[in-house]
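Before any comments, here is the structure.
The values are calculated or read from the model by the stated rules, or taken from the named source; none is laboratory data. All of these numbers come straight from a predicted model, not from anything done at the bench. Using ideal geometry, Cβ is built from the backbone for each residue, glycine included, and neighbour counts are taken over all protein chains shown.
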There are 2 protein chains.
Amino acid sequence: MSFATAQALVADDLDAVEALILKKASSSYAPLTEALSGLVRSGGKRVRPTIVLLAAALFPPANRHALLALAAAVEALHTATLIHDDVIDGALLRRGQSTLNAVWTPGSTVMAGDFFFARAAGLAAETENPRVIRLFAETLNTIVDGELRQALAGHDWDQPKESYYQRIYGKTAALFEVATRATAVLGSAPAGAEEAIRAYGYDLGMAFQIVDDILDFTADAAALGKPAGSDLRSGTVTLPAFYFMQQPEQRQRLFVVMEGEADGAGIDALVDAIRRSDAIDQAQAEAVHFAESAANRLAHFEPTPHQQALVDIARYVVERRR
Amino acid sequence: MSFATAQALVADDLDAVEALILKKASSSYAPLTEALSGLVRSGGKRVRPTIVLLAAALFPPANRHALLALAAAVEALHTATLIHDDVIDGALLRRGQSTLNAVWTPGSTVMAGDFFFARAAGLAAETENPRVIRLFAETLNTIVDGELRQALAGHDWDQPKESYYQRIYGKTAALFEVATRATAVLGSAPAGAEEAIRAYGYDLGMAFQIVDDILDFTADAAALGKPAGSDLRSGTVTLPAFYFMQQPEQRQRLFVVMEGEADGAGIDALVDAIRRSDAIDQAQAEAVHFAESAANRLAHFEPTPHQQALVDIARYVVERRR
């Protein structure tokens, strides 16, 4: 079963979520509406709202608008962080498309990100569920703290694996986790079910980000829309580079590059060496481990098409090639 | 009665609000805590939390923590917008101090602003009052929409006065308005009282921003920490410039500057002409009008020291020199 097949189970609700986000991105000022709708439309596969809507089938919430608002809030928050990441990284390309940063001024990009933060907060408030709102606010804090921490400790490339885990939790898994957990809260799920789906979201998010970090090395530059190894080039050690440097002689090589003593050709060669090394398989094995753990969490629920779709998405996340 | 005297009535609660903000600005990563606490401490007079706490005396809320959280949320949101404004404007100085933007990278500045946005959302959630949370989220939307709108329509200097009002509402008055209104909601104030204090917040915020815009022309460059007329220099027409150009020959002069055909000396001369013109008094009269309206709204309440302090603050706002 492909991601699209899993997604098709919730196609109608997903359309409603899309419409809700577009409605929130509209303004009385037409050029602004156009620019913001463009940002919404250039979004990805809607993985996060899809998971919210599939999970909701396990414990249907009484209030459909609250569910749609939660799914839209999660996607709006994701959009906001992507936009600000572009300023933070100074990125000019994302998925082969010009980022907002390359077209708008930095100031406008900051404001566009703030716009989606504000919409996310507003949508979370629309769930009118105090626990959901609180969880959502806490996650916003976790995400932002993680970013600041990474930026301030950015050049400390020699970190333990736990630091990497903490980083990808803040960057990705925290949002997957709140998406599934808040869905359970809206559906008044029993504590065991809430914990199972929360853990599914956490595991899935961790797998998702590890695979993203692998693809940063292995995908075609064309598919990435940027040179391979961009994380390493910007001074960030992700899981493949971490495993690579477990070999003492490679660690020395990485050291030279990360301390800025290597030229561009030296970095290219290092990225290529990591791409062809066992480190990729080691990182992939870890992603698969998280994805399997995610799938196992779903044993808590009756087998249904929606439950199976969530299992399939865990598989898809580690098999995808971009 | 000075602002400090009015503020002294709520000194203990204000200390508690300060402590709450500092607690929220702390992180397990010490250098980050230091940087963020510095941002909090470099804040202004805490006008907004002071108003929240004084207003709360008119309809005491049952839950003290909710009140402190609201006051802290309002100040955190104010801090967040100030920080992002620095990126948006590219400002290097604010109140004579280096802005974050001049010391941190733009990316870090974006993240620091996001940090306080996140904290504001978290603090609003801590009130656990759904209406307050919703009002707060709506205000966040209003503020951000206003900024984006101003940026995208920035070079349209020839706007009606209503556009100026709309702009300063989003920039300043909306936050004063939600501060007072949400305080009434927390205190379960009757509808008439809620409306009276909401209108007080609105009027006070409008007066506050008009005075800020006047001071941008009239205050010493040393007190401003930047050259006089900085709004005009960055292409923004505020109320003094608006009144100035009601005279046809001055309108022509402004046109030349705003269309970028004048050199630096031409702008300096224009700023100086506005500073010495009747436009300043006309704008000041309008600020006083808003401040008087704010004070009149308080006739709804029994005369008490706290009610009188709110009246005094309305007077202070239009009499201040910085």
Inset, instruction - Mind counting the residues in the range B:235-252 that are at pLDDT 85 or above and closer than 17 Å to residue B:217 by Cα? - result: 11
Inset, instruction - Considering only residues that are polar (S, T, N, Q) and assigned to a helix (DSSP H, G or I), look in the range B:243-297 and name the one that is farthest from residue B:191 (Cα to Cα). - result: B:252
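Take the residues of the range B:1-18 that are within 17 Å of residue B:56 (Cβ to Cβ) and among the hydrophobic types (A, V, I, L, M, F, W, C): which is surrounded by the most Cβ atoms within 10 Å (Cβ to Cβ)? Even if it seems obvious, please write down each step before you answer.
As a first pass, look at the range B:1-18 and keep what is within 17 Å of residue B:56 (Cβ to Cβ): B:6-18.
Imposing the further condition that a residue be among the hydrophobic types (A, V, I, L, M, F, W, C) reduces the set to B:6, B:8-11, B:14, B:16-17.
Working: B:6: 22, B:8: 14, B:9: 20, B:10: 24, B:11: 12, B:14: 20, B:16: 19, B:17: 27.
My answer is B:17.
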Inset, instruction - Give the range A:177-199 a look and list any residue that's assigned to a helix (DSSP H, G or I) and surrounded by fewer than 16 Cβ atoms within 10 Å (Cβ to Cβ), or say none. - result: A:191, A:192, A:195
Legend entry - Residue list for the range A:117-176, filter: of a type in the set (Phe, Trp, Tyr), touching a residue at least 40 places away in the same chain (Cβ under 8 Å), more than 9 Å from every other protein chain (Cβ to nearest Cβ) and part of a helix (DSSP H, G or I): A:164, A:165, A:176
Inset, instruction - Would you check if residue B:283 is within 30 Å of residue B:60 (Cα to Cα), among the hydrophobic types (A, V, I, L, M, F, W, C), under 26 Å from the mean Cα position of the chain (by Cα) and crowded, with 18+ Cβ neighbours inside 10 Å? - result: no
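Looking at the range A:200-228, which of its residues are among the small types (Gly, Ala, Ser), within 18 Å of the chain's Cα centre (by Cα), more than 17 Å from residue A:161 (Cα to Cα) and crowded, with 19+ Cβ neighbours inside 10 Å?
To start, the set of residues in the range A:200-228 that are among the small types (Gly, Ala, Ser) comprises A:201, A:205, A:207, A:219, A:221-223, A:225, A:228.
So of that shortlist, the ones also within 18 Å of the chain's Cα centre (by Cα) come out as A:201, A:205, A:207, A:219, A:223, A:225.
Okay, now just the ones that are also more than 17 Å from residue A:161 (Cα to Cα), so A:201, A:219, A:223, A:225.
Within the range A:200-228, A:201, A:225 meet the criteria.
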Inset, instruction - Go through (1) touching a Lys or Arg at 6+ places or on another chain (Cβ under 9 Å); (2) free of Cβ contacts under 8 Å to residues at least 60 places away in the same chain one by one and return the number of the condition residue A:225 breaks. - result: (2)
Legend entry - Selected residue (criterion: surrounded by the most Cβ atoms within 10 Å (Cβ to Cβ)) from residues of the range B:296-322 that are over 23 Å from residue B:218 (Cβ atoms) and small (Gly, Ala, Ser): B:309
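Filter the range A:36-54 down to the residues that are basic (Lys, Arg) and not in a helix (DSSP H, G or I) and list them by number. Step through it out loud before you land on a result.
Step one: filter the range A:36-54 for residues basic (Lys, Arg), giving A:41, A:45-46, A:48.
Scanning the range A:36-54 gives A:45, A:46.
Being out of contact with any Leu (no Cβ under 9 Å at 6 or more places or on another chain) and farther than 21 Å from residue B:60 by Cβ is the filter here, so list the residues in the range B:178-207 that pass it.
Step one: list which residues in the range B:178-207 are out of contact with any Leu (no Cβ under 9 Å at 6 or more places or on another chain), which gives B:188, B:190-192, B:194-195, B:198-199, B:202-203, B:206-207.
Hits for the range B:178-207 are B:202, B:203, B:206, B:207.
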Inset, instruction - Would you mind finding the one in A:217, A:255 that is at pLDDT 85 or above, of a type outside the set (D, E, K, R) and closer than 27 Å to residue A:289 by Cα? - result: A:217
Inset, instruction - Of the numbered conditions (1) of a type outside the set (D, E, K, R); (2) surrounded by 21 or more Cβ atoms within 10 Å (Cβ to Cβ); (3) over 29 Å from residue A:28 (Cα atoms); (4) at pLDDT below 95, residue B:232 fails exactly one; give the number of that condition. - result: (3)
Legend entry - Given (1) over 26 Å from residue A:163 (Cα atoms); (2) in contact with an Asp or Glu (Cβ under 7 Å, 6 or more places away or on another chain), number of the condition residue A:239 does not satisfy: (1)
Inset, instruction - Take residue A:184 and decide whether it is under 30 Å from residue A:308 (Cα atoms) and either without any contact (Cβ under 8 Å) to a residue 40 or more places away in the chain or acidic (Asp, Glu) (or both). - result: no
Inset, instruction - Would you mind stating whether residue A:232 is more than 21 Å from residue A:162 (Cβ to Cβ) and not basic (Lys, Arg)? - result: no
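From A:76, A:80, A:71, which residue is at pLDDT below 95, crowded, with 20+ Cβ neighbours inside 10 Å and among the aliphatic types (A, V, I, L, M)? Working first, answer last.
Details: A:76 fails: at pLDDT below 95; A:71 fails: at pLDDT below 95.
Sole residue among the options that is at pLDDT below 95, crowded, with 20+ Cβ neighbours inside 10 Å and among the aliphatic types (A, V, I, L, M): A:80.
Would you please name the residue that is nearest to the chain's Cα centre (by Cα), looking only at residues in the range A:35-63 that are of a type in the set (D, E, K, R) and surrounded by 13 or more Cβ atoms within 10 Å (Cβ to Cβ)?
Going through the qualifying residues, I end up with A:48.
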Legend entry - Condition broken by residue B:268, with the remaining ones in (1) over 25 Å from residue B:48 (Cβ atoms); (2) in contact with a Leu (Cβ under 9 Å, 6 or more places away or on another chain) satisfied: (2)
